[in-house]
1. Does the stretch 59-83 hold any residues that are charged (D, E, K, R) and either closer than 20 Å to Cys13 by Cβ or modelled with pLDDT under 95 (or both), and which are they?
2. So, Lys8, is that one away from the ligand (no atom under 13 Å from the Cβ), basic (Lys, Arg) and either over 23 Å from Leu116 (Cα atoms) or buried (at least 16 other Cβ atoms within 10 Å of the Cβ) (or both) or not?
3. Got at least one residue in the stretch 72-83 being under 13 Å from the mean Cα position of the chain (by Cα) and away from the ligand (no atom under 16 Å from the Cβ)?
4. Hey, could you check the stretch 11-30 for residues that are within 18 Å of Trp108 (Cβ to Cβ) and open to solvent by less than 50 Å² (accessible area, probe 1.4 Å) and say which is farthest from the ligand (Cβ to nearest atom)?
Amino acid sequence: VQRFQVTKAIEFCYGHRLLNHEGKCRFLHGHNGLVEVDVESQRLDALGMVVDFGAISDVVKAWIDENLDHRMLLHRDDPVLPLLQQQGEPIFVMDVNPTAESIAALIWQAANRAGLQVSAVRLWETASSRASYRGEPWNE
Ligand SMILES: [Zn+2]
């Protein structure tokens, strides 16, 4: 079966810390993240595209800029949350530990909720560490 895939890379900055982590990830710290968004199709549209790269940016970069960029991504049970909120710091609250895996899944869900049928999202947390999320297969 033929299958086309396009990938858009989007950079953003975020901070986080991991609850119940034994290592240094338990401390507040930040990353220059690079997210790769894949869209797949067995067919091309009238222009010969899976989807316009700009259309991926319009959905995913806009959502990331609005919700994640330059924010602290924190578990809702994180004890530092009330203090940072009180100080007016930009926060994104998650129901799960804000790992690279969870953030990749979050972006996948946001894109698909917004109507962009994303096949996979990879988040490079550092130049050598990447987490991926692939959701339900795209039923054409
Ligand atoms: Zn980290």
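The values are calculated or read from the model by the stated rules, or taken from the named source; none is laboratory data. As the structure is a prediction and not an experimental result, all values here were calculated from the model. Cβ coordinates were reconstructed from backbone atoms using ideal geometry, including for glycine residues, and neighbour counts include every protein chain displayed. Ligands, DNA and RNA are stripped out before the accessible areas are found, and what is left, the full protein with its side chains, is counted by its heavy atoms. Shrake-Rupley method; radii C 1.70, N 1.55, O 1.52, S 1.80 Å.
1. Lys61, Asp65, Glu66, Asp69, Arg71, Asp78
2. Details: away from the ligand (no atom under 13 Å from the Cβ): yes; basic (Lys, Arg): yes; either over 23 Å from Leu116 (Cα atoms) or buried (at least 16 other Cβ atoms within 10 Å of the Cβ) (or both): yes.
Yes, satisfied.
3. The answer is no; no qualifying residue exists.
4. Phe12
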